[in-house]
Amino acid sequence: MGKRIGIEVSLAVSEAVKLANTDVIAAYPITPQTHIVEHLSELVADGSLDAAYIPVESEHSAMSSCIGSSAAGARTFTATSSQGLALMNEMIYIAPILRTPIVLAIANRALSAPINIWNDHSDIMSVRDAGWISLFAENGQEALDLTLLAFRIGEDPAVSLPVNVNLDGFTLSHFIEPIIIPDQQEVDKFLPPYKPSLQLDIKNPISIGLLGGPECYTESRKAADDILEASVPVIKKAFDEFDKVFGRKYQVVETYCIEDAETVIVLMGSIAETAMTTVDELRAEGKKVGLVRIRLWRPFPRTELLAALSKAKNVAVVDRHVVLGSDTSAVGMEIKSLLYGSQLNPKVTNYVLGLGGRDVTREEFRYIFDQAASGEAQVRCEIVGVYE
Amino acid sequence: MKKPKSEGVQKAGDLPLGFTAQPGSTVAFKTGDWRSVRPVLDKEKCVYCGFCYYYCPDGTYEDMGKDEKWYKVDLNFCKGCGICAQECPKKAITMTLEEV
C-alpha cells in the first residue's frame with residue numbers, strides 16, 4: 001500500500017527513480033533541481049540504488065550521456081532546470097528522433113536574463129517542439145507518480161520516446177508534502193524491467209545518430225510526429241494501469257466544476273491548486289466558473305480538451321511564459337488553434353502570470369475570471385500584475 | 001500532397017527505429033549527384049602512377065590492374081573536389097563541368 005510520509009518533493013522524485021530501479025543517472029546540478037540529483041547521488045553512493053551515477057561537466061554532456069546510455073539499453077534518468085535545459089537544447093532535439101526513452105525531471109525555472117532562479121514555464125517552452133512527451137505535475141504526489149509513469153510510457157515498445165516531467169521549481173521542488181511512497185513490489189508490478197526496442201550491441205552493430213539529407217529529413221520528422229500521436233492511447237492505458245496498482249487515477253486533462261461552468265480557466269502545473277480554491281470561493285458566491293488543467297502537454301490532448309471546453313462560453317488561458325513579440329502565449333496559442341475550426345466558438349482570452357517566481361494569488365484568478373466573462377475584447381495576451 | 005515512392009527513398013513509416021543504419025549501408029547512399037564538375041582522364045598522358053588513387057579523399061578510384069594500367073573513378077561517389085586533377089603529375093585529369 002505504500003507509506004505516507006512527509007518528504008520534500010525533490011526527494012520524492014529521487015525515490016521514484018530509485019523505485020524504478022534506474023540503471024544510469026547522468027546529471028549536473030542546477031537550482032532548483034539540485035536536490036533531486038543530490039539525493040540520487042547519495043542513494044547510489046550508499047548502495048541503496050545500484051546505478052551508474054555520471055557527474056558530467058555540463059547539461060549538454062548530461063543529455064549526451066543519457067542518449068548513449070539509453071541506446072545501450074539502460075533505464076536512464078536526468079533532471080535539470082532553466083539554463084541547464086537551455087544548454088541541453090541541442091541534445092534534447094536529438095533524443096526523440098533516436099527513440100531513446102530517457103526520463104527528464106524539470107524543476108521549472110525562468111530563463112535568464114535577468115538571472116532568476118525562481119519558477120515559471122519558460123524553460124520547458126523553449127524545447128516545446130522537440131518531440132518529447134511532456135507531463136505537468138500539480139503537487140508532490142503527482143511529481144512522484146508521473147516520474148514512475150514516465151518510465152512506463154517512454155519505454156513502452158509502441159512509444160520508445162523520451163519523457164519530461166515538469167514540476168514547478170521551489171513551489172513543488174522545495175516543499176515538504178505528505179506523499180505516499182509506493183512499495184517496491186507495487187512498482188515492480190507496474191514497471192517491468194526495461195526491454196529496449198533499439199539497442200547498441202557489438203554482435204549486431206548499427207550506426208545511430210546519422211545524417212539525413214533532403215531525401216529523408218522530412219520523413220524523419222513525420223515519423224516523429226506520428227509516433228507522438230500514436231502514444232496517446234499508450235499514455236491513457238498507463239494511467240489506467242497506474243490506477244489499478246496504486247489506486248490513484250490520472251487523466252490527460254483534469255477538470256474541476258466545468259459541468260455548468262460559463263467561464264473556464266485553462267492552465268498547467270501547481271497554480272491549479274490556487275485556481276481551484278478561487279473556483280470554490282466564486283462558486284460559493286454563485287458564479288459559474290470552472291477549471292481545466294492540462295497534465296499531458298505533448299502530445300497535445302486535443303479530444304479531451306475539446307470535450308472539456310464544449311460547454312464554456314468564456315475560456316481564459318493562463319500561461320506562465322511570455323511568447324515575446326506574439327499576441328498569444330504558448331498554451332493560449334494551442335487552445336486558440338484547437339478551437340478554430342472546431343464547432344465551438346467561446347470567447348478566448350489569454351493571460352500570463354507567475355513569471356520568475358512572482359506569487360500567483362486568488363485575487364489574480366478572480367480578476368481573470370472577471371475579465372474573461374466581461375464583454376471586453378482582448379487584442380493581445382495580458383501580463384497580469386505588472387507594476388506600472 | 002503526398003509524393004509517390006521513388007527509388008532510393010523511404011516512406012516515413014518504413015524508416016528504421018531511431019533512424020539507424022546497418023553496417024556497410026553507406027554504399028547504398030549515392031553521393032555522386034553532389035558533384036558539379038567531373039574528372040575526365042586522358043589515358044594517353046596517364047603513366048599509371050596512382051596519385052589519383054591515393055589522393056582521392058573518398059576512395060572513389062579503382063585500380064584497373066597491370067594490364068590496363070589506369071585508374072577509374074566511380075562517379076556514384078566522386079564529389080568533384082578536383083584533388084586528383086591537382087595532384088596528377090602529368091596533368092592527365094581535367095575537371096569538366098557536369099551538364100545538367
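What follows is calculated from the coordinates using simple rules that are stated; it is not laboratory data. Everything numeric here is computed off the predicted structure, so don't read it as measured data. As a convention, Cβ positions derive from the backbone with ideal geometry for all residues, glycine included, and neighbour counts pool all protein chains shown.
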Out of B:V27, A:S231, A:W297 - ranked by how far each Cα lies towards the positive end of the dipole of the protein assembly as shown, with unit charges on the beta-carbon of charged residues - the top one is B:V27
Percentage relative contact order, region A:195-315, counting C-alpha pairs under 8 Å, at least six apart:
27 percent
Treat every Asp and Glu Cβ in region A:3-246 as -1 and every Lys and Arg Cβ as +1, leave all other atoms uncharged, and give the resulting dipole magnitude about the Cα centre to the nearest 20 debye.
340 debye
Place a +1 charge on the Cβ of each Lys and Arg in the protein assembly as shown and a -1 charge on the Cβ of each Asp and Glu, then give the dipole magnitude about the Cα centre in debye, rounded to the nearest 20.
1280 debye
Using Cα pairs closer than 8 Å and at least 6 residues apart in sequence, work out the relative contact order for chain B, in percent.
34 percent
Around A:L40, what is the net charge, scoring Lys/Arg as +1 and Asp/Glu as -1 over all other residues with Cβ under 10 Å from its Cβ?
-2
Which semi-axis lengths, in whole Å and largest first, follow from the square roots of five times the eigenvalues of the Cα gyration tensor of the protein assembly as shown?
52, 28, 20
Can you give the local net charge around B:T94? Use residues other than it whose beta-carbon is closer than 11 angstrom to its beta-carbon, Lys and Arg +1, Asp and Glu -1.
+2
State the volume of the convex hull built on the alpha-carbon positions of region B:37-100, expressed per residue in Å³ and rounded to an integer.
81 Å³
How far is it, in nm, from the label point at A:D327 to the one at B:K91 when both lie 7 Å from their Cα along the line to the Cβ?
6.7 nm
What's log10 of I(q)/I(0) for region A:253-383 at q = 0.10, 0.17, 0.18, 0.21 Å⁻¹, Debye sum over Cα points only, no solvent?
-0.27, -0.82, -0.94, -1.34
In whole angstrom, and with the biggest value first, how far do the Cα coordinates of region A:3-246 range along each principal axis?
54, 46, 34
Residue list for region A:347-363, given a label point 7 angstrom along the Cα-to-Cβ vector of A:E388 and an amide N cut-off under 15 Å
A:351-353
Which value in nm describes the separation of the simple spin-label points at A:R283 and A:R366, placed 7 Å from the Cα toward the beta carbon?
1.8 nm
When the dipole is taken about the Cα centre of region A:165-281, and only Lys, Arg (+1) and Asp, Glu (-1) are charged at their Cβ, what size is it in debye, to the nearest 20?
760 debye
When the charge dipole of chain A is computed with +1 at the Cβ of Lys and Arg and -1 at the Cβ of Asp and Glu, the Cα pointing farthest to the positive end, of A:T361, A:L40, A:L98, is that of A:L98
With at most 10 other Cβ atoms within 10 Å, longest stretch of chain A clear of loop chymotrypsin sites (Phe, Trp or Tyr not before Pro) (DSSP):
A:1-339
At a Förster distance of 25 Å, what's the computed FRET efficiency of A:E90 paired with A:S207, Cβ-Cβ distance as r, to 0.05?
0.80
So which trypsin sites (Lys or Arg not before Pro) in region A:316-388 end up in coil per DSSP with only 10 or fewer other C-beta atoms within 10 Å?
A:R380
Given R₀ = 45 Å, FRET efficiency for B:D63-A:D50 by Cβ-Cβ distance, to 0.05?
0.25
Is region A:49-108 rounded, prolate or oblate when judged by the Cα gyration tensor, a ≥ b ≥ c being the square roots of its eigenvalues, rounded requiring a/c under 1.5 and prolate requiring a/b larger than b/c?
oblate
Which one, A:L144, A:I180, A:G169, projects farthest toward the positive side of the charge dipole computed for region A:121-187 from Cβ point charges (K/R +1, D/E -1)?
A:G169
Taking Lys and Arg as +1 and Asp and Glu as -1, residues besides B:F77 with C-beta under 14 Å from its C-beta add up to +1
